[in-house]
Amino acid sequence: MGLVEGRGVMETVLRRSFKEYRLPTVLNTAGKKWFAPVLLLLMWHWITTGGRVKPILLPSPESVLWALVETLNSGELAHHLGASLVRVLEGFALAAFLGIGLGMALGLSPLLSQMTEGIIQLLRPIPPIAWLPLAILWFGIEEGSKVFIITLGAFFPIFLNVLQGIRQTNEKVVEVARVFKVPRSKFIRKVIVPGSMPFIVAGLRIGLGYAWMCVVAAELSGGMSGIGYMLMDSRALAQTDRVLVGMLAIGVVGKTMDYVLQRLERKIIRWRSFYNGT
């Protein structure tokens, strides 16, 4: 291939990149996504250099990076993060099962809803961490009490969203189903479930965030494993860089799990358009 032919091929590739793959748009989107993190990192670096802040209060990004490498090499981060992840998955799965089941039951039964509304409104404002003394008495200081607190924290967002989703069902559709005497099971399967699906997924995403908040709070109370224990142990030893490593690990795993739910939402609810603010 001659020099002229090679230049022609290169021009063709660049032209297709700009026209077909919209390269400027991709770069523009990536720039918007990374602008805030890069700016925060630069500000963090500037604050922690030159002795503006004591390292014990806020270590530099480099110190946190080295602490991350050390905890990864020793296997400590994987051990604690794995323990927390298992607890979150157990508690979240239980909360999703109970929240969706009870939400559907109360949403479809006015009598059941009236009978349980008082007790639900009484229990809902109680913070999950307030249940910790009783949870330790009932289930012990190990796994049972932690999973209970996580389940409790994730349950109410899921349950309330499911209930709200069913209550938002279009009255005209319900009336049409009554006129045509659609069987109850088919009415639930074809009308109620698809109509409330956006609320169910939103409840699952909110519940997952609450599950991560509760696991750290539950692990701070006792035990010898989990990210909460790692944070408490690092704080006691004045290792602030390891505290930040634990916090960043929670953020990364939580964001990854939320991304999976978000992708699942777009696959399940294909008929729904997502408003992006423009």
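The values are calculated or read from the model by the stated rules, or taken from the named source; none is laboratory data. Note that this is a predicted model, so its numbers are computed, not measured. We place every Cβ from the backbone using ideal geometry, glycine too, and count neighbours over all the protein chains shown. Areas reflect the complete protein model, heavy atoms only, side chains present, ligands, DNA and RNA absent. Shrake-Rupley method; radii C 1.70, N 1.55, O 1.52, S 1.80 Å.
Kindly indicate whether any position in region 267-276 is out of contact with any Pro (no Cβ under 9 Å at 6 or more places or on another chain) and modelled with pLDDT of 90 or more.
Scanning region 267-276, I find no residue that is out of contact with any Pro (no Cβ under 9 Å at 6 or more places or on another chain) and modelled with pLDDT of 90 or more, so the answer is no.
Do you know which of the residues in region 43-76 that are assigned to a helix (DSSP H, G or I) and of a type in the set (S, T, N, Q) is modelled with the lowest pLDDT?
Thr48
Counting just the residues of region 61-107 that are in contact with a helix residue (DSSP H, G or I) (Cβ under 6 Å, 6 or more places away or on another chain) and among the charged types (D, E, K, R), which one comes out surrounded by the most Cβ atoms within 10 Å (Cβ to Cβ)?
Arg87
For region 226-270, name all the residues that are among the aliphatic types (A, V, I, L, M), without any contact (Cβ under 8 Å) to a residue 40 or more places away in the chain and open to solvent by less than 40 Å² (accessible area, probe 1.4 Å).
Step one: filter region 226-270 for residues among the aliphatic types (A, V, I, L, M), giving 227, 230-232, 236-238, 243-245, 247-250, 252-253, 257, 260-261, 264, 268-269.
Pick out the ones that are also without any contact (Cβ under 8 Å) to a residue 40 or more places away in the chain and you get 231-232, 236-237, 243, 247, 252, 260.
Correct list: Leu231, Val243.
Restricting the search to region 195-225, which residues are open to solvent by 60 Å² or more (accessible area, probe 1.4 Å) and charged (D, E, K, R)?
Arg205, the sole residue that qualifies.
Search region 80-94 for residues that are touching a residue at least 12 places away in the same chain (Cβ under 8 Å) and pair each with any residue that is in a helix (DSSP H, G or I) and among the polar types (S, T, N, Q) when their beta-carbon atoms are under 9 Å apart and the residues are at least 6 apart or on different chains.
Cβ pairs passing all conditions: His80/Thr71; Glu90/Thr151; Gly91/Thr151; Phe92/Thr151; Leu94/Thr151.
Which one of these is surrounded by 14 or more Cβ atoms within 10 Å (Cβ to Cβ), in a helix (DSSP H, G or I) and without any contact (Cβ under 8 Å) to a residue 60 or more places away in the chain: Ile149, Ile192, Ile120, Ile158?
On the way: Ile149 fails: without any contact (Cβ under 8 Å) to a residue 60 or more places away in the chain; Ile192 fails: without any contact (Cβ under 8 Å) to a residue 60 or more places away in the chain; Ile158 fails: without any contact (Cβ under 8 Å) to a residue 60 or more places away in the chain.
Answer to the check: Ile120.
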